[in-house]
Amino acid sequence: MQLGFGNLEASRRVGVNPRTGREWRNGRPEGRKKRPRPPANAVRVASGPSRYLTEDERIHIADRFREKATVRAIAAELGRSPSTVSREIRRNGMPLRGDRFRWAYRPHAAQRRAQQRRPRPKPGKIGQNPELRDFIQDHLTRRWSPEQICHALRRRFPDRPEMHVVHETIYQALYVQGRGELRRELTLALRTGRAMRRPQRQAHSRQQRFTHPMVLISDRPAEANDRAVPGHWEGDLIVGKDHRSAIATLVERSTRYLMLVHLPQGSGAVAVGDALADTVQTLPEHLKRSLTWDQGSEMAGHHTFSVTTGIPVYFCNPGSPWQRGSNENTNGLLRQYFPKGTDLSRHTREHLDTVAAELNSRPRKTLGWETPAERLSKLLAATRQ
C-alpha cells in the first residue's frame, strides 16, 4: 500500500483475503474466538536521503544564507533541488523588523514549524467551519453537484477564502468517514448515489481498448527501427475544427514519402480503415511491411485492416508521439496547408494529392538533400533490377 495500491489490489498481490489485509494494517480488537492482534509496523526501506530537510541541512542553509550565497549554490551543496531551498526559506523564514526586503532565516525555529505542520491526519476545512459545512449540506440536499457548489461558494463569498473549497474536498468529506465533516446519507444526493468511491485505475480491472489485442511497437521488427528497409509506414490523423473533419497521413520511414488519405465519410473506425486499405492497395508488395499508429479509437478496426491488406499494425505507447517522429514532423509541415481550427472536409482528393506531391518534391536534409520522391524512385528502380 506504500506503493500506492488500494487494500483490495495490495491483498491480491500478496495473496491474502482483503479482510486479512485490513487486519494486518489496523490490528484486530479482542474478540470471543480470536486473540487481539496489534497493527503491523510499516517497514521503512532505506532509499537515500529523506524527502524532508533535516535540522543539519537547515543549519547549513542558514549559515550560507547569511554569507549571501545563492539559492542554487546552497542547493548544489546539499544535493537538493533549488526550488526546495527557495521554498524552505520562503515558508520558514521571516521579514526582519517589518521590512519585507530584509529576510531572516533561523534554522531551529524553521525545524519546529516544519514538525508542527507534518503530523497527519490534519483537520479538514469543512469540519472546522460550521458555516461552510451547513452551506454544502444544504445544497447537497438540493441535489447540486460538488462542482456546482464550489463555484457557488466563490460567487457568494468572493472575498472570503475560508469559504472556498474544490470539489474533491467535498468528495473526500463524503467518502472518507470518521472525520465528522458531512453526513454519510448525503452520498445519496450524488449523481451516482454510491456511498463508496469506485476505483477507476486498478490494473487488474482495466479493459482492453480494442476488441482485438494491440501489438505494441516493442514487437515491431528491428529492420523498421533503423530505417534500412523500405515499406514501414507511420500514420496518424490531422483533425479539423471541432473534431468534425480529418485527414489521414501516411509517411514511409525510410524515404519520408507522404500519402494523404481522403476521409469524406468521417474519422470513424470503419471509415478510416476502409480508406487506408484502399490507399495502401496501390503500393507494390515490397512496400507493404508494417504500419505504426497511436492508440486512437480510429484504429479500432486494425485487425480487419491487417487481414485485408496483409500489413501488420503496431501501436505506440500512450503519450509517446516521438515513437512516430517522422509522421509527427510531417504533420507539422502539413499545417501550412491545413491550419488548425479549419474545416478539412472542404479539401478534395485532388487537392490532397497536390499537397502530397509538393511535399514529396521538397529536398530534405535528413535525406542528403534528396527529395522523398527521388529516394523512393531509386528504391523502386533497384527493386526492378
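The values are calculated or read from the model by the stated rules, or taken from the named source; none is laboratory data. All values reported here derive from a predicted model rather than from experimental measurement. Glycine gets a Cβ as well: all are built from the backbone with ideal geometry, and neighbour counts include every protein chain shown.
Given the criteria under 19 Å from Thr255 (Cβ atoms) and charged (D, E, K, R), does Glu298 qualify? Judged against the criteria, Glu298 is not a match. Can you name the residue in the stretch 219-247 that is exposed (fewer than 13 other Cβ atoms within 10 Å of the Cβ) and farther than 17 Å from Arg289 by Cβ and, of all such residues, is farthest from the chain's Cα centre (by Cα)? Top of the filtered list is Arg244. Comparison of Gly268, Gly341, Gly332 shows that the only residue that is in contact with a helix residue (DSSP H, G or I) (Cβ under 9 Å, 6 or more places away or on another chain) and free of Cβ contacts under 8 Å to residues at least 60 places away in the same chain is Gly268. Selection of helices (runs of 4 or more DSSP H) fully inside the stretch 306-385 by the criterion of at least 2 residues being β-branched (Val, Ile, Thr) returns 349-360.
Total residues in the stretch 140-163 satisfying the condition of being acidic (Asp, Glu) and either touching a helix residue (DSSP H, G or I) at 6+ places or on another chain (Cβ under 9 Å) or surrounded by 15 or more Cβ atoms within 10 Å (Cβ to Cβ) (or both): the figure is 2.
Scanning the stretch 121-164 for residues being of a type in the set (Gly, Ala, Ser) and on the phi > 0 side of the Ramachandran plot gives a total of 0. Selection of the stretch 106-139 for residues being crowded, with 16+ Cβ neighbours inside 10 Å, of a type in the set (Gly, Ala, Ser) and under 30 Å from Ala62 (Cα atoms) yields Ala110, Ala114. Checked against (1) part of a strand (DSSP E or B); (2) touching a Leu at 6+ places or on another chain (Cβ under 7 Å); (3) of a type outside the set (Gly, Ala, Ser), Arg256 meets all criteria but (1).
Conditions tested, residue by residue: (1) among the hydrophobic types (A, V, I, L, M, F, W, C); (2) over 26 Å from Asp274 (Cα atoms); (3) in contact with a Ser or Thr (Cβ under 6 Å, 6 or more places away or on another chain); (4) not assigned by TED's automatic domain parsing to the domain that holds Val251.
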residue: Phe338; (1), (2), (3), (4): yes, no, no, no
residue: Ser345; (1), (2), (3), (4): no, no, yes, no
residue: Arg349; (1), (2), (3), (4): no, no, no, no
residue: Leu352; (1), (2), (3), (4): yes, no, no, no
residue: Trp369; (1), (2), (3), (4): yes, yes, no, no
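Once the stretch 259-281 is narrowed to residues that are within 21 Å of His232 (Cα to Cα) and under 30 Å from the mean Cα position of the chain (by Cα), the residue that is surrounded by the fewest Cβ atoms within 10 Å (Cβ to Cβ) is Val261. Within the stretch 282-296, restricting attention to residues that are touching a residue at least 40 places away in the same chain (Cβ under 8 Å) and assigned to a helix (DSSP H, G or I), the residue that is surrounded by the fewest Cβ atoms within 10 Å (Cβ to Cβ) is His286. Note on the stretch 212-235: residues that are in contact with an Asp or Glu (Cβ under 6 Å, 6 or more places away or on another chain) and assigned to a strand (DSSP E or B) total 1.
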